[in-house]
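A short write-up of the structure that comes next.
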Amino acid sequence: MGFLARLFARFRRKPTLAVFAEEDAYSRLHGTRSGEVSVTPVPPPVPRTLPRFPGDYLRRCFEERLERRRTARL
């Protein structure tokens, strides 16, 4: 049985795949370029800056948060 399968496999016709150049493949996939869409570059991101608070303000805020945490437990 294996012999016959190998014999007939040689007579089967294998489909040949067409080979396209990169430009042809792109045009077949995407079509022609239209003027409806324009590509614009993305501006670079703005660097993030943190707000500057005085040390006393930050300490008071931290103490208030601690106090709220203590009162929430009771």
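To keep it simple, each residue is scored yes or no on (1) at pLDDT 85 or above; (2) not in a helix (DSSP H, G or I).
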{"position": "Leu4", "(1), (2)": "no, no"}
{"position": "Leu7", "(1), (2)": "no, no"}
{"position": "Lys14", "(1), (2)": "no, yes"}
{"position": "Ala18", "(1), (2)": "no, yes"}
{"position": "Val46", "(1), (2)": "yes, yes"}
{"position": "Thr49", "(1), (2)": "yes, yes"}
{"position": "Asp56", "(1), (2)": "yes, no"}
{"position": "Arg60", "(1), (2)": "yes, no"}
{"position": "Arg65", "(1), (2)": "yes, no"}
Of the candidates Ala25, Ala72, Ala21, Ala5, the one satisfying the condition of being under 38 Å from the mean Cα position of the chain (by Cα), of a type in the set (A, V, I, L, M, F, W, C) and loosely packed, with under 10 Cβ neighbours inside 10 Å is Ala21
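The values are calculated or read from the model by the stated rules, or taken from the named source; none is laboratory data. Since the model is a prediction, treat every value here as computed from it, not as a measurement. All Cβ positions, even for glycine, are placed from backbone atoms using ideal geometry, and neighbour counts span all protein chains on display.
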